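Visitor: First the structure, which I've put down as structure tokens, then a few questions once you've had a look.
The values are calculated or read from the model by the stated rules, or taken from the named source; none is laboratory data. Just so you know, these numbers come straight off a predicted model, no measurement behind them. Here the Cβ is made from the backbone with ideal geometry for all residues, glycine too, and neighbour counts use every protein chain on show.
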Amino acid sequence: MVRNSRLTLPAFVAAALACAATLIAASLYAQESQRPGTVVHYASIPAGAYSVVAEVRARPGKEAELRAATVPLIALVRGDPANLVYFLQEDRESPGHFIFYEVFATQKDFEAHNNMPYVKAWFAKLPELSQGGVEVMRMEVLTAPRK
């Protein structure tokens, strides 16, 4: 128990707001983590998982169009039950330069993903929007030895 401790009204209000913000954030995190596919735990990624790091650059003047065509992929790919991890990133210093990071348990899962209609539709837009198409590195996820 703390005795003879006094908070000024502004300090009390600030502390109360900080407490409320913490409770709201914790509640949102709990709700988010209960939705399947929204929280990735490293232990759930199988050793040898099939990952892809891909890169695409917009044609000059087509940056906004490529972004508009690409951003919807986030929800679509993350909604694919076979997808384990998906990040779409854009270079802060070079708008229109996108890097994709995707993880699937197997190459078969990745190939099935590439045959999805929304992926095919996105690839069909690339000749007009991208400079040189997509560069792809096919990778294997390495994991630390389990104890």
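Visitor: Just a yes or no: is a residue in segment 105-113 surrounded by 15 or more Cβ atoms within 10 Å (Cβ to Cβ), of a type outside the set (A, V, I, L, M, F, W, C) and in contact with a strand residue (DSSP E or B) (Cβ under 6 Å, 6 or more places away or on another chain)? Can you show your working first?
Guide: Residues of segment 105-113 that are surrounded by 15 or more Cβ atoms within 10 Å (Cβ to Cβ), as a first pass: 105, 109-110, 113.
Retained after the next criterion (residues that are of a type outside the set (A, V, I, L, M, F, W, C)): 109, 113.
This time we only want the ones that are in contact with a strand residue (DSSP E or B) (Cβ under 6 Å, 6 or more places away or on another chain), so: none.
Checked against the condition, which is being surrounded by 15 or more Cβ atoms within 10 Å (Cβ to Cβ), of a type outside the set (A, V, I, L, M, F, W, C) and in contact with a strand residue (DSSP E or B) (Cβ under 6 Å, 6 or more places away or on another chain), segment 105-113 yields no hits at all.
Visitor: Given the criterion of a type outside the set (Lys, Arg) and in contact with a helix residue (DSSP H, G or I) (Cβ under 6 Å, 6 or more places away or on another chain), identify the matching residue among Ala112, Ala82, Ala144. Even if it seems obvious, please write down each step before you answer.
Guide: Working: Ala112 fails: in contact with a helix residue (DSSP H, G or I) (Cβ under 6 Å, 6 or more places away or on another chain); Ala144 fails: in contact with a helix residue (DSSP H, G or I) (Cβ under 6 Å, 6 or more places away or on another chain).
Going through Ala112, Ala82, Ala144 in turn, just one is of a type outside the set (Lys, Arg) and in contact with a helix residue (DSSP H, G or I) (Cβ under 6 Å, 6 or more places away or on another chain): Ala82.
Visitor: Answer yes or no as to whether Arg92 is in a loop (DSSP other than H, G, I, E, B) and modelled with pLDDT under 95. Working first, answer last.
Guide: Numbers: in a loop (DSSP other than H, G, I, E, B): yes; modelled with pLDDT under 95: no.
No.
Visitor: Answer yes if at least one residue in segment 106-122 is in a strand (DSSP E or B) and either in contact with a Gly (Cβ under 7 Å, 6 or more places away or on another chain) or under 22 Å from Ala47 (Cβ atoms) (or both), and no otherwise.
Guide: Pass one, segment 106-122, residues in a strand (DSSP E or B): none.
No, because not a single residue in segment 106-122 is in a strand (DSSP E or B) and either in contact with a Gly (Cβ under 7 Å, 6 or more places away or on another chain) or under 22 Å from Ala47 (Cβ atoms) (or both).
Visitor: Return the only residue of Phe12, Phe100 being aromatic (Phe, Trp, Tyr) and either at positive phi or at pLDDT 50 or above (or both).
Guide: Details: Phe12 fails: either at positive phi or at pLDDT 50 or above (or both).
Checking each option against the conditions leaves just Phe100.
Visitor: Can you work out which of the residues in segment 77-100 that are without any contact (Cβ under 8 Å) to a residue 24 or more places away in the chain and within 11 Å of the chain's Cα centre (by Cα) is surrounded by the most Cβ atoms within 10 Å (Cβ to Cβ)?
Guide: Tyr86
Visitor: Taking segment 123-147 as the region of interest, how many residues are among the hydroxyl-bearing types (Ser, Thr, Tyr) and touching a strand residue (DSSP E or B) at 6+ places or on another chain (Cβ under 9 Å)? Explain how you work it out, then say what you get.
Guide: We begin by selecting, within segment 123-147, every residue among the hydroxyl-bearing types (Ser, Thr, Tyr); these are 130, 143.
Remaining after also requiring touching a strand residue (DSSP E or B) at 6+ places or on another chain (Cβ under 9 Å): 130.
Qualifying residue count for the region: 1.
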